[in-house]
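Reading through the structure tokens given below for one structure.
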Amino acid sequence: MREEAFKAHLAAQGLAPGTLATRSSALRRIERAEDIDLDAEYERDGMESLFAKYAYSIADHRAGLPNPTKIDIEPENLRKYLAFYRSALNSYRGFASGGLQGEFEPIATEAEAEAIDAVVETASKSFALERDLQNAIRTDIAQLESGLEIVDGGREARVEAGLIDVLAKDGRGVWTIIELKADVARPAVIAQTLAYMASVAEERGGSVRGIIVAADFDQRVELAARAVPNLQLKRYRYRFEFD
């Protein structure tokens, strides 16, 4: 994704800085989860297959169909969030085409438009918090665990399973995958982290462990983690300071 050029494209249309950051963050999350490059997707088929993947209708919702994407989304928010991600994709397709289209796709009702606005605000806060969490860990990895050393060169390491939030080694030289969730970690994070661990073991060799950092954990995550001896769960807290 050509992020800076995309932001300039949106800014030329008069969009607020917060909107630029939100849409860019959403698109980065799509690239990361699906392990794709948006420009390559546009060259391949105008992003049509990606749009189709992120479609989720009222009928799909009523039928209880599963999430068709690789992004972890609560089932109750699935339709709203996928509409948000499609709107961000639509913005990028407008940019990639060289045109000025690419605003939100038409929304069927005013209620749905309000729902999208709420998702944008929620997603923006979540993306920002996750970035802050990653920055805090990269700035002082010892606060997570003594002896850890970041070994990904300051960028999310790419493996077959996707992009790892932070890749480190512990004091014993064991690869340590650190997966971050800004809010409550849901069951999908277990499969995601184990996939990263398997990829690192196969691609780099040696012992591997995982640490999932989140504000809180779904009970099923806590139960599953008990069955995986080399996987830890750690809660984070933050505080406000005033001068």
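For the list (1) in contact with a Lys or Arg (Cβ under 9 Å, 6 or more places away or on another chain); (2) within 22 Å of Leu133 (Cα to Cα), I need the number of the one condition that Arg220 fails.
(2)
Ala168 is checked against (1) among the hydrophobic types (A, V, I, L, M, F, W, C); (2) more than 27 Å from Pro75 (Cβ to Cβ); (3) assigned to a loop (DSSP other than H, G, I, E, B) and fails just one. What number does that condition carry?
Just one mismatch for Ala168, condition (3).
Restricting to the stretch 170-188, and then to whatever is over 17 Å from the mean Cα position of the chain (by Cα) and not β-branched (Val, Ile, Thr), can you tell me which residue is least open to solvent (accessible area, probe 1.4 Å)?
Asp170
Look through Ala214, Ala224, Ala195, Ala191 and report the one residue that is open to solvent by 50 Å² or more (accessible area, probe 1.4 Å) and of a type in the set (Gly, Ala, Ser).
Testing whether each residue is open to solvent by 50 Å² or more (accessible area, probe 1.4 Å) and of a type in the set (Gly, Ala, Ser) leaves just Ala191.
Could you count how many residues in the stretch 70-81 are surrounded by 13 or more Cβ atoms within 10 Å (Cβ to Cβ) and outside any loop (DSSP other than H, G, I, E, B)?
Number satisfying all stated conditions: 5.
The values are calculated or read from the model by the stated rules, or taken from the named source; none is laboratory data. As the structure is a computational prediction, the values presented were derived from the model and not from experiment. Counting neighbours? That spans all protein chains shown, and the Cβs are built from the backbone with ideal geometry, glycine included. To get the accessible areas, we keep the full protein, side chains included, count just its heavy atoms, and leave off ligands, DNA and RNA. Shrake-Rupley method; radii C 1.70, N 1.55, O 1.52, S 1.80 Å.
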